[in-house]
Amino acid sequence: MERVRQQEAYRQRKVEEFTVSRPEPLDVGPALEQAREATVQVISGASVQTLALAGLQVSQARELVATILRIDPRAPVLVDGQPVRPDYRLASGDTLEFVHQAGEKGGRNGALH
């Protein structure tokens, strides 16, 4: 009987030793909350990204995402469905859309053009 109690105590110590406690939730703080709030949804064709572009001008945002989304430099730009000038400053929650014309594939500088 003593041996059974010792084995049970040993098992209990091993279970406690290998039990992983859940970490405490992290306090994200105001900086991360502000970063989340400074996002702009960017749409180009079928591509949709949420990026921290709030505060930038449309022309600056175009330069940053041109390579990622393969944006034609001449593509019309809409913010929240309305045409805007290149110096328009993006606000948090805006939707920035680079318009593809129907039937257009990629840039216009391809070998077949």
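What to note about this one:
- Scanning segment 41-65 for residues being assigned to a strand (DSSP E or B) and crowded, with 16+ Cβ neighbours inside 10 Å gives a total of 5.
- Members of segment 66-76 found to be more than 8 Å from residue 98 (Cβ to Cβ) and either in contact with a Cys (Cβ under 7 Å, 6 or more places away or on another chain) or part of a loop (DSSP other than H, G, I, E, B) (or both), listed by number: 70, 73, 74
- Selection count where residues are out of contact with any helix residue (DSSP H, G or I) (no Cβ under 7 Å at 6 or more places or on another chain) and not in a strand (DSSP E or B), scope segment 88-103: 8
- For residue 32, the test of being hydrophobic (A, V, I, L, M, F, W, C) and modelled with pLDDT of 80 or more is failed.
The values are calculated or read from the model by the stated rules, or taken from the named source; none is laboratory data. Keep in mind that what you see is a predicted model, and the values were worked out from it rather than measured. Please note: Cβ atoms are built from the backbone with ideal geometry, for glycine as well, and neighbour counts cover all protein chains shown.
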